[in-house]
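Asker: Have a look at this one.
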Amino acid sequence: MGRICGFTGINDKLLLKKMCDTMSQGVGRCYFFIDDDVSLCSRVLNGEVQLAGNEDENVWIVLDGEIYNNILIKQFLEENGHSFRSSSDAELIVHLYEEYGEFCVKKLRGAFAFAIWDSNEKKLLLARDRAGERPLFYSLIDGKFFFASEIRSLMKYEGYKKELSLPGLNYFLSWGHIPASYTLLKSIRKLLPAHILIYNNGEIFIQKYWELYFSQINYDLSEDDWCKTLYDLLLESISVRLKGPPFGVLLGGIDSSGMASLMRKITDETIKSFTVYFNEERTNEPYAKFVADWLGLEVHERILQSEDIPRILPKIVYLMDDPKAQLAATIPTYLALELCNERIKTIFTADGADVCFWGYPTVSFPSPPPRKARFIRKIPRDIRERIIFPLQLITKNFPEHLKEDNALISEIKKIIHASSPRARLDSHCIFSQDELQEVLTSANFDIHIPFLKCLKSDFVDPWDHVRFVNKLAETVEWGISRLERFASYFSLNLKLPFEDWKVKEVAARIPPYYKQKDHYTDKYIWRKMILMYNLLPKKVIFLQKRGFGEDTENIFRTLFEGKNLRDYVHQNVQEVIPHVKCYINETNTKGLLHHGNWSQKLALLIFALWYKTFILNSLG
């Protein structure tokens, strides 16, 4: 675990040390490599030094993260004549780079961000893992190229100008986070997951090295075959991550419970569970404590109090220098990891399971359905998905009078177009495109740009399409990054077995009707696998998901409508508005503090806290 930073085009040892010291890892040791062309830094919180060079010392690397298939890679490299001076993953990647160049990253399985300097070619290579588990930002200023794990480090360069990014601001107020490659700062970008960046002779080249395809569905395996495939795959994914005890699990619903049960089958080490509850019982996962006792976990619990929010919100904003505006998951996660502090070294979470197995309900059917629609639904699902769904291509082009007169066509269209991708995407907006026109002084910007490729992608059917859009809208560059930042702050090694690219590739090939049998049973194949292998008590396997969902949102809505938090929001937003009048409409924004919905007020509060931290004070 650690952080990295560096630059090329300037020789400044003091700047490198400032960048290193600014990174949020409050403890640990910094390691440097500096020559006339490049300066590299690795800040290690615990574990081995992640700065290494090859035998000739013409290739150097700084690494944040770990490689799970390192034993196999090292064996291959030794067979090809490479020798090692350490057991670090950083040195492993250096030798792999000597074999494969920049596409060495394709051979890696792990959570990582790294920078490689090739002195022979005067080339700097940046890379991120496929899921984006480790962050990496970069900036090109005055012919000088900078990179760092955290934005605050890049701001230490004296030539950096603190200017807001208009696209980034539009995205943040729309979606509650900023899709890569933008940030809230004009001159700073983030490297996308599964991408490499090459900086050479003043030019930046970016390339994607991995793609997750949803159109290669395997209809040949039976339901039980899929269960066995997933069971074996997840056992292996957890096994390669079971390093660094004592272990903990963020325990909540079916995903984390199933994962904890799989861990129980692999290790005899003590496993501790950490759960945050709310005062309102209806919002809590109904069986977290029961499952923990059933599995023999050491239980740690905490109740979220309203006074926790103003206490920890500034710290959350500081840690997430690339800000997020969804608190329903963020604050409970922070409190849970705070509870882990000094009790464990490695924390497992089940983030990613919803995406793999369709845990975000997105297809709604008319209720009660008309007679002809009921008839359609009696058709076997595989026929519907292979034949009925493609009828959308036909029904879109039917003359309007036929669409109106033919009830059967009408019902088919209701089923097929129950949730169009763009409409589903827009349903997650905090500020709509029209509302942005009222808040921002310049909002002539299409907020859908980061998702256009997804909206046009070739999917096997609309169900895949809708869920992938939902995935992008809710989780990409959002869920994982908050987990990583908080875990690092509390000196925890974060493990995400469901974000493993091998798990994702297999899950993408599961037929849709195995993921969601009906509108009421999400993640069906995952639940069936848990049942088939007796991983959890039967009575909890098919309980409905609660998690940090709508009821939790209602709790936060109530909290923010209370006087204490209402005053807290008004004070912070009004303090910042005079400084950003060139970006934000002062009159309309002040009006929103009184009549806007709570999520809009929250987004403005997060922006205000971020602006005070990174622009107004001396941090940058």
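Laboratory data are not the source of any read-out in this text; all were calculated from the coordinates shown. Here the structure is a predicted model, which means the values were calculated and not measured. Cβ sites come from the backbone with ideal geometry, for glycine too, and all protein chains shown count toward neighbours.
Asker: Would you pull out the residues with amide H under 5 Å of Thr346's amide H, same chain only if 5 or more places away, H placed 1.01 Å from N?
Answerer: Amide H to amide H, under 5 Å and 5 or more residues apart or across chains, Thr346 pairs with Gly248, Asn493.
Asker: Here's a follow-up. Within the set Lys495/Lys523; Lys123/Lys162; Lys315/Lys581; Lys504/Lys528; Lys289/Lys495; Lys17/Lys581, which residue pairs have Cα atoms separated by over 24 Å?
Answerer: Over 24 Å Cα-Cα: Lys123/Lys162; Lys315/Lys581; Lys17/Lys581.
Asker: Moving to a separate point now. Under the rule of at least 5 residues apart or a separate chain, name every residue whose amide H is placed under 5 Å from the amide H of Ile4.
Answerer: Counting only residues 5 or more places away or on other chains, the set is Arg43, Ser149.
Asker: Which order do Ser187, Ser237 fall in if you start with the one that has the fewest other Cβ atoms within 10 Å?
Answerer: Lowest count first: Ser187, Ser237.
Asker: Explain nothing, just compute: Karplus ³J(HN,Hα) = 6.51 cos²θ - 1.76 cosθ + 1.60, θ = phi - 60°, for every residue of the stretch 318-332 in order, whole Hz, x for Gly and Pro.
Answerer: Listing the rounded values in order: 4, 5, 9, 4, 9, x, 10, 10, 9, 8, 4, 9, 5, 5, x Hz.
Asker: Quick one: what are the phi-derived ³J(HN,Hα) couplings along the stretch 65-82, Karplus 6.51/-1.76/1.60 with θ = phi - 60°, whole Hz, x for glycine and proline?
Answerer: For the stretch 65-82, the Karplus-derived couplings read x, 8, 10, 8, 9, 5, 5, 5, 5, 5, 4, 4, 5, 5, 5, 9, x, 7 Hz, x marking Gly and Pro.
Asker: According to the square roots a ≥ b ≥ c of the eigenvalues of the Cα gyration tensor, what is the shape class of the stretch 102-175, taking rounded for a/c under 1.5, prolate for a/b larger than b/c otherwise, and oblate for the remainder?
Answerer: Oblate is the answer for the stretch 102-175, as a/c is 1.5 or above yet b/c matches or exceeds a/b.
Asker: Next up: Give the long-range amide H neighbours of His195: residues separated by 5 or more places, or on another chain, with amide H under 5 Å away, using H modelled in the peptide plane at 1.01 Å from N.
Answerer: Those qualifying (amide H under 5 Å, at least 5 residues apart or on another chain) are Arg128, Tyr209.
Asker: Can you give the percent of C-alpha pairs in the stretch 107-224 whose distance is more than 24 Å?
Answerer: 37 percent
Asker: Here is a further query. Can you run phi through the Karplus equation (6.51, -1.76, 1.60; θ = phi - 60°) for the stretch 597-609 and list ³J(HN,Hα) in whole Hz, with x for Gly and Pro?
Answerer: My calculation for the stretch 597-609 gives 7, 5, 5, 5, 5, 5, 4, 5, 5, 4, 4, 4, 5 Hz in order.
Asker: Here is a further query. Which of the GluC sites (Glu not before Pro) found in the stretch 46-103 are loop residues per DSSP with 16 or fewer other Cβ atoms within 10 Å of their Cβ?
Answerer: Glu48, Glu55, Glu57
Asker: Going by C-beta contacts inside 10 Å, put Asp446, Asp12 in order with the fewest on the left.
Answerer: Least to most surrounded, the residues fall as Asp446, Asp12.
Asker: Let me know the shape class of the stretch 562-616, please: from the alpha-carbon gyration tensor, a ≥ b ≥ c as square roots of the eigenvalues, rounded when a/c is under 1.5, otherwise prolate if a/b is greater than b/c, or oblate.
Answerer: oblate
Asker: Order by neighbour count: Cys582, Cys5, fewest other Cβ atoms within 10 Å first, most last.
Answerer: Cys582, Cys5
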